[in-house]
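Read-outs: derived from the displayed coordinates by stated rules, not from any lab. Since the model is a prediction, treat every value here as computed from it, not as a measurement. Methodologically, a virtual Cβ is constructed for each residue, glycine included, from the backbone with ideal geometry; neighbour enumeration extends over all protein chains shown.
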Amino acid sequence: MRETFTILFYLKKGKKKKGESNPPTEATIYCRLSVCGTKSPFNTHLKIESENWNQTSKRAEGKGQNISKVNKALSRLETEIWLHYDKIKARRKKFSAEYLRDWVLGKYNNKENATVIDYFDTYIERLNKRVEINDLTEETRDRYILVRNRFQLFLKAERNIDNIYLDEVDNDLAYDFYLYIRRSTGCQNNNAQKHVQKIHTVMKCAWVNHYISADPLAQYDIYFEKHQRTCLTWHELKRIMSKKFYSHRLEKVRDIFVFCCFTGLSYGDAKALTEDNFELKNDDQEWIDKNRNKTNVNAQILFSTIPHMIIEKYKNERVKKRLLPFCSNQKMNEYVKEIATLCNVNKHLTTHVARHTFATTVTLNEGVPLETVSKMLGHTNTVTTQIYAKIVNEKLRQDAGEWNKKMVGIEAEFNLQNQ
């Protein structure tokens, strides 16, 4: 697109007020900025008689002190606009007429030199306020803090800088950050893409608030690989449940993992669980009644014996009314993998595998209807729950296939012809 910039001053006549026979002769001077096809008008708050305006020269004409005052004000404003235009153009690859207008009107303050890390800190401050009013979980806020810190480490390691201007972020930088996360942390694709996704969220916020003229990552292709969800069999789950741990750290993590296997709660939901989430129903049994942190959809789960035993075990270790002594999700995942090794479970375990195990092995495999499981998991509809039903069917085919292999050769022992 060819780069264009124009400044147009024009009159906007006032409307005739009720009860007046003629419209006012005095008009307001407006300024319209045009930058590369974008246009943005604003009120100069200068007024003049309509008959004294020359649209060709875009100035007032005639004699009088007000005429001279208006023309000088317009000339100063035009000079100021050009100065701002040249300054912004030297720093930014592209910007809109609206951005220039807001800068001229003093709405930007120091937005021109805003950096990614500084704006990230501002964004996290807003998240802190949402956490205070229970509109956001601490876990979600902490993920943004983690991404912010890792992005700063990336800038230092890969670019040898401590910070970067908002308008210097582009697709190449985002992809380099993705590769850095894969290399430095060992994260797989989906986890690394979520890092970039959070950078994009912050950049969109900066764009909406006019710190930058466009969303720099609008065309970045964030793709997530689809994986078959891992779940434990009864044999594997019982192996973990019966294992004796000589480390209190692993014992505690094992107990929390088993708790999630029998409730279907995710890490964040289980960590936030308090006594307020329990309700005595008409069947005289206790139920966990909680809105999910992720979707705010209500989940209702029967408070069975094993979860009750676990909560009783840790009743003296409660912090801030929370029923279970959780560590960070990152540490939980690290320790759960250690538990899998000690229990000879040859699967990639994370805390979320417990939720998958509840949905499949503990409920669907035991004949609990899909609609009931969906309600217990807090799904918005049964479509999501059907993913687990598919896993159950695949497990059925796999087990049937293994059984069929064992049957090979047995037909030789069958006297089908009765000879």
Which log10 I(q)/I(0) values, to two decimals, does the range 117-250 give at q = 0.18 Å⁻¹ under the Debye formula with one point per Cα? -1.04
Residue list for the range 25-58, given a label point 7 angstrom along the Cα-to-Cβ vector of Lys12 and an amide N cut-off under 11 Å: 28-32, 41-46
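Would you mind checking the pairs Lys271/Lys347; Lys12/Lys58; Lys271/Lys320 and listing those with alpha carbons more than 20 angstrom apart? Each step should come with its number before you reach the end.
Values: Lys271/Lys347 24 Å; Lys12/Lys58 13 Å; Lys271/Lys320 11 Å.
Checking Cα-Cα distances, Lys271/Lys347 exceed 20 Å.
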Please report the base-10 log of the normalised intensity I(q)/I(0) for the range 5-110, using a Debye sum with one equal scatterer per alpha carbon and no solvent, at each q in 0.12, 0.15, 0.25 (1/Å). -0.47, -0.69, -1.34
Let me know the charge dipole size of the range 114-208 about its Cα centre in debye, to the nearest 20, where only the beta-carbon of Lys, Arg (+1) and Asp, Glu (-1) is charged. 320
Relative contact order (percent, whole number), the chain, Cα cutoff 8 Å, 6+ residue spacing: 10
Can you tell me the convex hull volume per residue for the range 185-262, based on C-alpha atoms, in Å³ to the nearest whole number? 170
Alpha carbon centroid spacing (whole Å) that separates the range 24-94 from the range 371-385: 61
Could you sort out which of Lys129/Lys321; Lys13/Lys63; Lys89/Lys129; Lys252/Lys406; Lys156/Lys204; Lys375/Lys405 sit more than 30 Å apart by Cα distance in this structure? Lys89/Lys129; Lys252/Lys406; Lys375/Lys405
Can you divide the C-alpha Rg of the chain by 2.2 N^0.38 Å and report the result to two decimal places? 1.50
Connecting C-alpha atoms closer than 10 Å in a GNM of the chain, tell me which of Thr341, Thr385, Thr263 has the biggest fluctuation. Thr341
For Asn190 and Thr25, compute 0.36 nm times the residue count separating them, minus their Cα-Cα distance, and round to one decimal in nm. 52.9 nm
Mean ellipticity per residue at 222 nm, deg cm²/dmol - from DSSP H runs of n ≥ 4 across the chain, formula -39500 (n - 2.57): -15000 deg cm²/dmol
